[in-house]
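The values are calculated or read from the model by the stated rules, or taken from the named source; none is laboratory data. Please read these numbers as outputs of a predicted model, since none were measured by experiment. Virtual Cβ from ideal backbone geometry, glycine too; neighbours counted across all protein chains shown. The protein model used for the area step is the full one, side chains on, heavy atoms only, and it has no ligands, DNA or RNA in it. Shrake-Rupley method; radii C 1.70, N 1.55, O 1.52, S 1.80 Å.
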Amino acid sequence: MKTLRMQFGTADGGRWQLSLNYPREDLNAADVEAAMQELIDSNAFVEGLVGILAADIVDRTVTQLINNN
């Protein structure tokens, strides 16, 4: 499963992270940066976001070894 992780700086010097599962395959840095800026400008999730710190796509693979369900 792939997850888009976006990290923002907060007004109090902290960090805030938003993770979204199953991002589009054709995402690029410009798309993500524009979306992150929209989130900052709109205060849609949390007030006090002041900057873009990082964004990455994490690709996680789970290999099941035992399943006694």
Single residue of the range 11-23 satisfying the filter (touching a strand residue (DSSP E or B) at 6+ places or on another chain (Cβ under 9 Å) and either open to solvent by 50 Å² or more (accessible area, probe 1.4 Å) or modelled with pLDDT under 95 (or both)) that is farthest from Val62 (Cα to Cα): Ala11
Look through the range 42-69, keep the residues that are free of Cβ contacts under 8 Å to residues at least 12 places away in the same chain, open to solvent by less than 100 Å² (accessible area, probe 1.4 Å) and not small (Gly, Ala, Ser), and return whichever of them is nearest to Gly14 (Cα to Cα). Asn43
So, of the residues in the range 46-68 that are over 16 Å from Asn28 (Cα atoms) and β-branched (Val, Ile, Thr), which turns out to be farthest from the chain's Cα centre (by Cα)? Ile66
Would you tally the residues in the range 11-26 being touching an Asp or Glu at 6+ places or on another chain (Cβ under 9 Å) and within 10 Å of Gly48 (Cα to Cα)? 1
Could you tell me whether any residue of the range 1-10 is at pLDDT below 95, among the aliphatic types (A, V, I, L, M) and either surrounded by 10 or more Cβ atoms within 10 Å (Cβ to Cβ) or within 15 Å of the chain's Cα centre (by Cα) (or both)? yes
Meets criteria (part of a strand (DSSP E or B), free of Cβ contacts under 8 Å to residues at least 24 places away in the same chain and touching a Leu at 6+ places or on another chain (Cβ under 7 Å)) for Leu20: yes
